[in-house]
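Encoded as structure tokens, the structure appears first; notes follow it.
The values are calculated or read from the model by the stated rules, or taken from the named source; none is laboratory data. The structure presented is a predicted model; accordingly, all values stated were derived computationally and were not measured. Backbone-built Cβ (ideal geometry, glycine too); neighbour counts: all protein chains shown. Surface accessibility is based on the protein's heavy atoms, side chains included, excluding ligands, DNA and RNA. Shrake-Rupley method; radii C 1.70, N 1.55, O 1.52, S 1.80 Å.
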Amino acid sequence: GESVGLHLPTLSVQEGDNSIINCAYSNSASDYFIWYKQESGKGPQFIIDIRSNMDKRQGQRVTVLLNKTVKHLSLQIAATQPGDSAVYFCAENSGNTPLVFGKGTRLSVIA
Amino acid sequence: DSGVTQTPKHLITATGQRVTLRCSPRSGDLSVYWYQQSLDQGLQFLIQYYNGEERAKGNILERFSAQQFPDLHSELNLSSLELGDSALYFCASSSTPTSGGASQYFGPGTRLLVL
């Protein structure tokens, strides 16, 4: 069943292509950012994080870019696979404040 | 598998009733966070406990309460339930006393349906 709202922005990508999911944040004091993946019926799964003293961080097939000037975060997924289909959330916080989650983007991979 | 467990997986109850959701954090994690995820509100932080003590409070209603026990498991109590309380409730855990700069690992959630 559906775990999240039905009216999320959707990104459709051909299998094997690269995906770029974007997130705008509003709190200029935020200094820690996380990307989560949520598959239908499951809890959010940690993908990658980045601190504000960096502008790029790479993981396995994923890269997070942070542009503090325009308060923009992106998640790049290389060679997108059907298993990457999910809703992706960015989350941010600063200091001891709770994580604030974005609304999410649904990634749909076309085989 | 994140290592965070939640029970029950599904819960159906009636308005006015009271339910308890249970969470066990990852081994070694002392912080437990509770979140509500509804269709129109996304993931909303409710409350955090660290080593048995309340650490941070978010958008948690007065009808809701939580606690963390000496064995570090946590329970979220929802009372006088209303239709609008129907949602997914997630627990997350981390190793740090504060949420700043700390990765949180989520459980599979409890789907609550209030009829």
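Quick check on residue A:9: is it free of Cβ contacts under 8 Å to residues at least 60 places away in the same chain and open to solvent by 10 Å² or more (accessible area, probe 1.4 Å)?
Criteria not met by residue A:9.
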Just one of the numbered conditions (1) farther than 24 Å from residue B:94 by Cβ; (2) open to solvent by 40 Å² or more (accessible area, probe 1.4 Å) is not true of residue A:84; which one?
(2)
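Here's the yes/no breakdown for (1) open to solvent by less than 30 Å² (accessible area, probe 1.4 Å); (2) at pLDDT 95 or above; (3) farther than 21 Å from residue A:99 by Cβ:
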site: B:59; (1), (2), (3): no, no, no
site: B:76; (1), (2), (3): yes, yes, no
site: B:83; (1), (2), (3): no, yes, yes
site: B:86; (1), (2), (3): no, yes, yes
site: B:90; (1), (2), (3): yes, yes, no
site: B:93; (1), (2), (3): yes, yes, no
site: B:99; (1), (2), (3): yes, no, no
site: B:102; (1), (2), (3): yes, no, no
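Tell me the residue from A:69, A:105, A:63, A:80 that is more than 14 Å from chain B (Cβ to nearest Cβ) and in contact (Cβ under 8 Å) with a residue 24 or more places away in the chain, please.
Result of the check over A:69, A:105, A:63, A:80: A:80.
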Return the residues of the stretch B:65-92 that are out of contact with any Lys or Arg (no Cβ under 6 Å at 6 or more places or on another chain), within 14 Å of another protein chain (Cβ to nearest Cβ) and either within 20 Å of residue B:3 (Cα to Cα) or of a type in the set (S, T, N, Q) (or both); say none if nothing qualifies.
B:86, B:89, B:90, B:91, B:92
Looking only at the stretch A:23-60, filter to residues that are under 22 Å from residue B:45 (Cα atoms), open to solvent by 60 Å² or more (accessible area, probe 1.4 Å) and assigned to a strand (DSSP E or B); which one of those is farthest from the other protein chains (Cβ to nearest Cβ)?
A:24
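Can you tell me which residue within the stretch B:12-59, out of those that are of a type in the set (A, V, I, L, M) and in a loop (DSSP other than H, G, I, E, B), is farthest from the other protein chains (Cβ to nearest Cβ)? Give the steps one after another, and end with the answer.
To start, the set of residues in the stretch B:12-59 that are of a type in the set (A, V, I, L, M) comprises B:12, B:14, B:19, B:21, B:30, B:32, B:39, B:43, B:46-47, B:56.
Filter again for in a loop (DSSP other than H, G, I, E, B), leaving B:14, B:30, B:39.
Numbers: B:14: 21, B:30: 15, B:39: 4 Å.
The selected residue is B:14.
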